[in-house]
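One structure is given here, and the rest of the page talks about it.
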Amino acid sequence: MKNHLLKPIATNSLRGFLVLALWAVSTLALAGPVAGTVVQLSGPLLAKKANGATKILSLKSEVENGDTLITEKNTYAMVKMIDNSTMTLRPATSMTIENFSFDDGKPEGDEAKFNLVKGGLRSVTGLLGKRSKEKFALKTPVATIGIRGTTFIVNYSPPLPPGAGALLGGGLPPGAAPPLAPPSSSGGKAPAAPVAPTAPPGPPPGLHIAVQDGAIMVQNPGGTAQFSAGQFGYVPSVTQPPVVVPPNNPGLQFTPPPSFNSSTGPTASSGPGQGSAVDCVVR
């Protein structure tokens, strides 16, 4: 009798072990290849996996292909990719690592594809960008950025909601005052004139670019422009041409903690770097 009782118990245990093993294998299969590691962090950082799961990241956490990295409103995060390049995300940023493949001995397999959904970042090129510039692509809603051995900063501000960018005075021409309300029928004082609405604070919508090292060419269906180290660019939309803007570009306030800058060079506000000339292409 005891043998008869032990047999189903052993069978059930074996089945349970097989189910657990299959679950572990399927979980590993869903995980993407490691693309980099979090090396600097000033606040909460999340990774949304390709399968929809969300993971809280910390220092030394690995990031994988397919991860969408999301920084909170006060978080800067630096990720060191497997080719020693770095991506430093500013607060309120969402960026997807679509694919990052690098092998010292197999340059033919190089590929670096990112998608900046919102927010901004600083990119410092590593080995992949130096030997396979055509394999790098940073997509944004209005342009795709390709690089080679350069340091640059980008920030994307989405379009304003309907009505938020109305002219002062509720759509009146500049300088025109809003009409006064008619006197009260009760004989009292007329109500105060309406306050003219203003556009919300922040940078104008579009893609803001700063090149710290090398030169870039910005290209979209609206036109093409070339920028040198120390210059700032602006792409209003996917159909409007890029333009040069003054150094005090309001869309590029990039101020990570000092520890972030010690290993990556100057920020956008401190001027261009002193490296050799390289090129970057924005399509």
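Laboratory data are not the source of any read-out in this text; all were calculated from the coordinates shown. Just so we're clear, the structure is a prediction, and the values are computed from it rather than from any experiment. With ideal geometry, Cβ positions are generated from the backbone for all residues, glycine too; neighbour counts draw on all protein chains shown.
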Inset, instruction - Subtracting the Cα-Cα distance from 0.36 nm times the residue separation, let me have the gained length for ILE56 to VAL238 in nm, one decimal. - result: 62.2 nm
Legend entry - Cross-link partners of LYS60 among aspartates and glutamates (Cα-Cα below 17 Å; sequence separation of 8 or more within a chain): ASP83
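Can you give the FRET efficiency to the nearest 0.05 for VAL39 and GLN226, using r as the Cβ-Cβ distance and R₀ = 45 Å? Before the final figure, lay out the partial values.
Details: r = 33 Å, r/R0 = 0.73.
So the FRET efficiency works out to roughly 0.85.
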